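K.L.:
Below: one structure in structure tokens.
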Amino acid sequence: MVFGWGKKKQEEKPAEEIPQNKEISLVDVPKIISDLGTLRKTQTLSEINSLRNSTMPLIDDLIKIGNVLEKDSLNIDDIDKHLAIIVVRGKKQVIDMIKKDVVSLPKISSFEDAEKLNSTLNLILKKVGDVLGRQTRVIHIFAKKYAAQLKSNLEVMNSNHSEIQKLLKNYHSTKSLSEEILDTINQINNQTELRKEKSQRITEITENLTSINEKISSIQTNIDEIKSSENYKKYQTLKNTLDEFSKEKSKIKNQINTQFTKISRPLSRYEYASSLDKDQKNILSTLVSEPFDVLTSENKDSVIIILENVRKGVSSGSISVKDVEKTSSQITETEESLDGFVNQISEYHKKYQEIQSELASLKPEELISLENDLAKNTSSLEDSQLKSETFQGEIDEIDSKIPELVSEIEQKLREFSNTRYTILTS
């Protein structure tokens, strides 16, 4: 340390006190914190004030030393004149510093005063330390009789200042700890309130689930009654018939596709090279991709025109094929099959429409409505169950978090209280 002060004797550790145990509820904590905070504040201010009062005489001593030193010649007439100049300059710096910077300490009635005291004392020690550090040889050699007193005073002042800083630090730490505890209590209260809300929601959902299950049961009973009726059995039988009949379409399509595949190449080439009107182009395009969809009595003449144009193209060589005669024969074969294909398709559609019309007349409209209601209620049931599970998961998370927060409060209370508090939450 500057000028050789600042070393403190090692303090003896007080005998460790056996902590008391006390059970409290969470609502008791704010008052305990307030009481402990008030007590800590009073004790801290009292101790700081005591340190201030024990430091003030040392300040007065420094001022007195300055006054005495100012009148002391230090026998500079007996030393080398060059050295005398250095001694005079050093002496003046010390005296000027004491007059300017060593001031009275503020009285203590609040923590603002305590902070001001800490700042004032810190500044005094810094200024004194800086000057005495620079002039240490002058003081120790030429003002030896002042050195010991200065060193003794400054050691005590420095020690008192350290104690004041420690007390302020501990108080602010306690205050910060108190705020953290109160904040944690707010978290617990918020979590507890949130848990009540979620528990209430689960209760409401459970009641709603009972209602939905009753609706589903009632709807299912009505559906079962309808499905057990003779009318529904007829409907179901006819529906199976229609499903089975739909397979006939695939058979007819396969026959038609087999035939048109034979002339697919020239048809495709004609599609790119032809200059037909819009309707005929659409027919040609469908003949290439899905002939079943275009082979109707209305389109038959257009189909024949297209096939004949393809034949002409093949014969003239504008549509290139490997075997002109074979392709022409396959076109003829396709034209001769048209009536049979058109009739098959027409009969299929006619029969399909008849079955569908009969099916529509037997269709149980009430069943459709009931099945829609069943689907809606089943979906609502699943959503409600999912919400209930989500809320329960959040409650479980709160139930695990609250004990952790309570434990944090207990640990923080232990940091500034000799009593070991156990907080009862049940």
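K.L.:
Along the range 344-358, what does the Karplus equation 6.51 cos²θ - 1.76 cosθ + 1.60 (θ = phi - 60°) give for ³J(HN,Hα), rounded to whole Hz, x for Gly and Pro?
P.N.:
Taking θ as phi minus 60°, the curve returns 4, 5, 4, 5, 4, 4, 4, 5, 4, 5, 4, 5, 5, 5, 5 Hz for the range 344-358.
K.L.:
Let me ask something additional. Mind checking the full-extension length gain between residue 308 and residue 414? Use 0.36 nm per residue of separation minus the Cα-Cα distance, one decimal, nm.
P.N.:
27.7 nm
K.L.:
Another question about this same structure. Ordered by residue, what ³J(HN,Hα) values in Hz, to whole numbers, does the range 255-263 give under the Karplus form 6.51 cos²θ - 1.76 cosθ + 1.60, where θ = phi - 60° and Gly and Pro are x?
P.N.:
Per residue, the Karplus-derived 3J(HN,Hα) values read 4, 5, 4, 4, 6, 6, 5, 4, 10 Hz.
K.L.:
Which distance in nm do the two modelled labels at residue 23 and residue 122 give, with both placed 7 Å along the Cα-to-Cβ direction?
P.N.:
It works out to 4.7 nm between the two label points.
K.L.:
Explain nothing, just the number: dipole magnitude of the range 229-363 about its Cα centre with +1 on each Lys and Arg Cβ and -1 on each Asp and Glu Cβ, in debye rounded to the nearest 20.
P.N.:
It comes to approximately 420 debye.
K.L.:
Moving on to the next point. Can you give the convex hull volume of the alpha carbon atoms of the range 229-363 per residue, in Å³?
P.N.:
Once divided by residue count, the hull of the range 229-363 is 99 Å³.
K.L.:
If I model a spin label at residue 396 and residue 63 as a point 7 Å from the Cα along the Cα→Cβ vector, what separation in nanometres do I get?
P.N.:
The modelled label-to-label distance comes out at 7.4 nm.
K.L.:
How do 327, 296 line up, fewest other C-beta atoms within 10 Å first?
P.N.:
Least to most surrounded, the residues fall as 296, 327.
K.L.:
Amide H of residue 319 versus every other amide H placed in the peptide plane: which residues, excluding those fewer than 5 positions away on the same chain, fall under 5 Å?
P.N.:
The list, which skips near neighbours in sequence, is 314.
K.L.:
How large is ³J(HN,Hα), in whole Hz, for each residue of the range 111-124 in order, when computed from phi with the Karplus curve 6.51 cos²θ - 1.76 cosθ + 1.60 and θ = phi - 60°, using x for Gly and Pro?
P.N.:
Values, residue by residue: 6, 5, 5, 5, 5, 5, 4, 4, 5, 5, 5, 4, 5, 4 Hz.
K.L.:
Something else now. Hey, rough spin-label estimate for residue 228 and residue 336, points 7 angstrom out along Cα→Cβ, what's it come to in nanometres?
P.N.:
6.1
K.L.:
Compare 162, 250, 46 in a GNM of the chain, Cα atoms joined below 10 Å, and give the one with the largest fluctuation.
P.N.:
In this elastic network of the chain, the residue with the biggest mean-square fluctuation among 162, 250, 46 is 250.
K.L.:
I've got another one for you. Go through the range 366-411 and name the trypsin sites (Lys or Arg not before Pro) that are in a DSSP coil and have 10 or fewer other Cβ atoms within 10 Å of their Cβ.
P.N.:
For trypsin sites (Lys or Arg not before Pro) across the range 366-411 that sit outside H, G, I, E and B with at most 10 neighbouring Cβ atoms in 10 Å, the list is empty.
No lab work stands behind these numbers, since they all come straight from the coordinates. These numbers were taken from a predicted model, which means no experiment stands behind them. Neighbour counts run over all protein chains shown; Cβ positions are idealised from the backbone, glycine included.
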